[in-house]
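Below is one structure, written out as C-alpha cells; the observations come after it.
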C-alpha cells in the first residue's frame, strides 16, 4: 500500500502538472506552426534560403524551448520542495521548542505599550490569572511593589533602545503571594528597527530564592558564630571557614581555602586518638573529641644539641566532625566545628593536679611517719612523685643529705637508671656547685628547662640525654638539711600549685630528717636512762635481802619487847614503833618488788596449793583490820571448789592482800566482799575471776585510766589522807600479767569499787586432802545481822545437803 502524500508533496505534484500542461500547450503551438508552414509550402510557395533558415531556427526554438522549460521548471520544483521541507522542519522544531518552553518557562508578549497580547499556560499557572484575564492587561498587573521606579525605568530604557534586558524580578500572583523569576525581555523590531512588541521569557526561581535566603541566613549565623567552623570536601580540602576561625587561627581566606585539613594538626597528638578518629570517619560516622591543634605560624626551631621548646601556637580544641552526604548518598564532605578549650583543659588539669597533689601529700605524709628506715621512706616518697600524672618526670631522681660535719651534700638515696660515672662522681656535691649545690646554698627551689642550655648545670656525663630538673631543698626555715633532685622531660610544666606541692613535700621530708635525727638522740638518751634505771633496779633487787633483814630484826625485837613487863606509856610507844616499822617494811617491800619487776628478777612458780584455804587465810588475816574500822569482810567461794590447784600461791596471796587491804583502807562504812567465780575452762585449765567489792569512796573514770601507773593514786588529797606509795596496784597488775591473767576495775565516784582479776590455774588431780561434809537431813538455823553472811552460809549449807 502506497504511503499517502503530505500537503507539500501534493502541492508540488499539482505545480508539476501545471508545468507539464504549459509545456504541452507550447508543444501544440509548435505543432500548429509546423503544420502552418507545411501548408504554406504545399501552397506552392517557395521559401528562399533566408526564410528556410528562419524556419529552421524557429523550428529548433520551438523544439528546444519546451525541453529547456521543462528542465528549468523541474529544477525549480525540486528547489521549492526542499525549501518547503526545511520550513516545515523548522516549524516542527519551533513547535517542540515552544512546547518545551511552555512547560518550563513563563512566556508573554506585549505590545510596545506594555499591554499583554500573549501569555502561555505556564505564565497563567504561576501568576494565578487565566489567559483571558491576562490578555489586554498592562504587565503591571503582576507588579509586587518590591522594586522601585528606578528599577523599571532602567528596564524600559534598555528595551526601548532595542536591547535585550536580563534580570531577576519579584512579581505577585493573583492570590497576593510573591514569586521570583529570572527574566529575559527581548524587543521585536519592525523594518525601521523600532520595537513593535516585547517578548518576555521567565524562569520561576522562587524556590531557589528561598534556598538562597536560607543559605544567606545560615551563612550569617555561621559567620556570627563564635565557634570555629570549617567545611571540607571528601578528600579533606577546606572549602569554607567562618570568620571566627580566621580570626583565631591567623589564617586568611586566600591562604586557607584549598588547604588540607591537616594544616591544623599538631604533631603532639596522641596516635591512639587519631586512630579512633580515622576509624570513625572511615565507617561513615561522626566523631567528637579533643585534639591538640595549631594556629598558623612559625614552628619552634630545634637547635642542635638542645630540646625543642613548647609550641606557643598549639591549643586544645573540642572538635566535632560530621559527614555531609549528597542526594544519592555519596560523601560530599565534612563539617568540622572547633572550640578552643585550652582554658578549660588548663582548669581541668589544674583541678586534677590539685586533687593528685593533695592525695600525694597525704600519702607522703603517711609514708614519712611509717616505722621503717628513713632511706626506705624516702624511696617510697620518690615513687609516689614518679607516679604523678602531668608532671613530666622521667622516674629518675635522688636525695642528698647535708653532712653533719661539712658544708657539703652527701648522696643518701638514688632511684632510677643512672650511669656508673654519675654514681661515682655525684656521691658528694659542694654547696654552690651545679644545680643541687646552688639550690642548697640559696635555699630555694630551682627549675631547669634543659641541661644542655642551662649554664647552672655544670656537671655533664658521657651519654647524657636531654632533660630538665626540679631541685627541691629539704629545709626547716633557714636550715637546709638536704636536697631532692628530680629528672624531667625538657621544658617541664611549671604549674604553680605543683611547685607549691613540691615545696611542701620538701618541708615534710625535712621534718622526717629532723625527727630521725631527734630519734637518734632520744634513743641514745633512752638507752642511757634505761641503763641507769636497770642499774638502779638491779642494785635495789640485789639489796633486797640486806634491806629487809634489819627491818625484820627491828620488828622482831619490838615484838619481844612487847612481851616484857611494860608500863602503859611504854606499851604505847612500843606499839607505835611496831606499826611504823611495819608501814616502813610495807613501803620497802613495794619498792623492792617494783624494782624486781622492772629488772625482770621475779619468776612465777607453779606449785600445788589449796586455793580456797589461801583466800580464807588472807581474809582471816585482814578481818581484824576490817573489824577495827567497823566493816564486814565476807568471803564467798564456790561450794564445789576443788582443793588442789597448780599456780603461784605467794603471788596470788600478795595480790589479794593488796587489793583487800586497799578496800579496807578506802572504805569508811559498809562491807567488803571477796568472791571467787569460775569464768571458763579448757581441759584441765580453769580460769577464775577474783572480785574484791567494797562500798568505799569509789573512783572517777578520768582517774581510772592512770590508776595502774607506778607511783599513782586517785588524788593528792587521798594520798595525804590514806598514805601509801602508789605502787601497789601497779605491782598487782604486773604480777597478774606474769601469771597469765588480767586485772581490771569497775567503779564510779561515791558508789564503791570492784577490783577484779582473772587467773588460769591447772587442777590438781590428787584429792587426798579433801574433806567430805555431809549434813543430809539436818536442820540448821542461820542467825547473822549481815545479809551477805546469811547468803554465804545458805549457799554452803545447801551444797552440803
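The values are calculated or read from the model by the stated rules, or taken from the named source; none is laboratory data. For clarity, every value in this text was computed on a predicted model and none was experimentally measured. FYI the Cβ positions are ideal-geometry reconstructions off the backbone, even for glycines, and counts take in every protein chain you see.
Key figures for this structure:
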quantity	calculated
Any hit, the stretch 488-497, residues being within 25 Å of residue 375 (Cα to Cα), touching a helix residue (DSSP H, G or I) at 6+ places or on another chain (Cβ under 7 Å), part of a strand (DSSP E or B) and in the same structural domain as residue 424 (by TED's automatic domain parsing)	no
Any chance residue 469 is surrounded by 15 or more Cβ atoms within 10 Å (Cβ to Cβ) and assigned to a loop (DSSP other than H, G, I, E, B)	no
Check on residue 199, at pLDDT 90 or above and under 28 Å from residue 333 (Cβ atoms)	no
Failed item, numbered, when residue 258 is tested on (1) at pLDDT below 85; (2) over 33 Å from the mean Cα position of the chain (by Cα)	(1)
Members of the stretch 325-347 found to be farther than 17 Å from residue 227 by Cβ and assigned to a strand (DSSP E or B), listed by number	325, 331, 332, 333
Filter result (closer than 20 Å to residue 122 by Cβ and either in a strand (DSSP E or B) or touching a helix residue (DSSP H, G or I) at 6+ places or on another chain (Cβ under 8 Å) (or both)) within the stretch 189-217	197, 198, 199, 200, 201, 202, 203, 204
Scope the stretch 218-236; condition within 22 Å of residue 325 (Cβ to Cβ), out of contact with any helix residue (DSSP H, G or I) (no Cβ under 8 Å at 6 or more places or on another chain) and surrounded by fewer than 18 Cβ atoms within 10 Å (Cβ to Cβ); matching residues	218, 219, 221, 231, 233, 234, 235
Per-region count, the stretch 441-455, residues buried (at least 16 other Cβ atoms within 10 Å of the Cβ) and closer than 23 Å to residue 495 by Cβ	7
Residues within the stretch 608-641 that are part of a loop (DSSP other than H, G, I, E, B) and either buried (at least 20 other Cβ atoms within 10 Å of the Cβ) or touching a strand residue (DSSP E or B) at 6+ places or on another chain (Cβ under 6 Å) (or both), tallied	2
Among residues of the stretch 132-151, those that are surrounded by 15 or more Cβ atoms within 10 Å (Cβ to Cβ) and part of a helix (DSSP H, G or I), counted	4
Residue count, the stretch 663-689 (criterion: at pLDDT 90 or above and in contact with a helix residue (DSSP H, G or I) (Cβ under 7 Å, 6 or more places away or on another chain))	6
Residue within the stretch 382-398 that is in contact with a helix residue (DSSP H, G or I) (Cβ under 9 Å, 6 or more places away or on another chain), surrounded by fewer than 17 Cβ atoms within 10 Å (Cβ to Cβ) and more than 30 Å from residue 458 (Cβ to Cβ) present	yes
Test: residue in the stretch 422-432 that is in a strand (DSSP E or B) and either in contact with a helix residue (DSSP H, G or I) (Cβ under 8 Å, 6 or more places away or on another chain) or touching a residue at least 60 places away in the same chain (Cβ under 8 Å) (or both)	yes
Of all residues in the stretch 261-279 being in a loop (DSSP other than H, G, I, E, B) and touching a strand residue (DSSP E or B) at 6+ places or on another chain (Cβ under 7 Å), the one that is modelled with the lowest pLDDT	268
Boolean, residue 662 is out of contact with any strand residue (DSSP E or B) (no Cβ under 7 Å at 6 or more places or on another chain) and either farther than 22 Å from residue 751 by Cβ or in a strand (DSSP E or B) (or both)	no
Lone qualifier among 770, 715 - being at pLDDT below 55 and touching a helix residue (DSSP H, G or I) at 6+ places or on another chain (Cβ under 8 Å)	715
Residue that is modelled with the lowest pLDDT, among those in the stretch 78-120 that are closer than 19 Å to residue 180 by Cα, touching a strand residue (DSSP E or B) at 6+ places or on another chain (Cβ under 9 Å) and in a helix (DSSP H, G or I)	101
Which listed residue, of 652, 602, is in a helix (DSSP H, G or I) and surrounded by 14 or more Cβ atoms within 10 Å (Cβ to Cβ)	652
Test for residue 580: is it surrounded by fewer than 17 Cβ atoms within 10 Å (Cβ to Cβ) and touching a strand residue (DSSP E or B) at 6+ places or on another chain (Cβ under 6 Å)	no
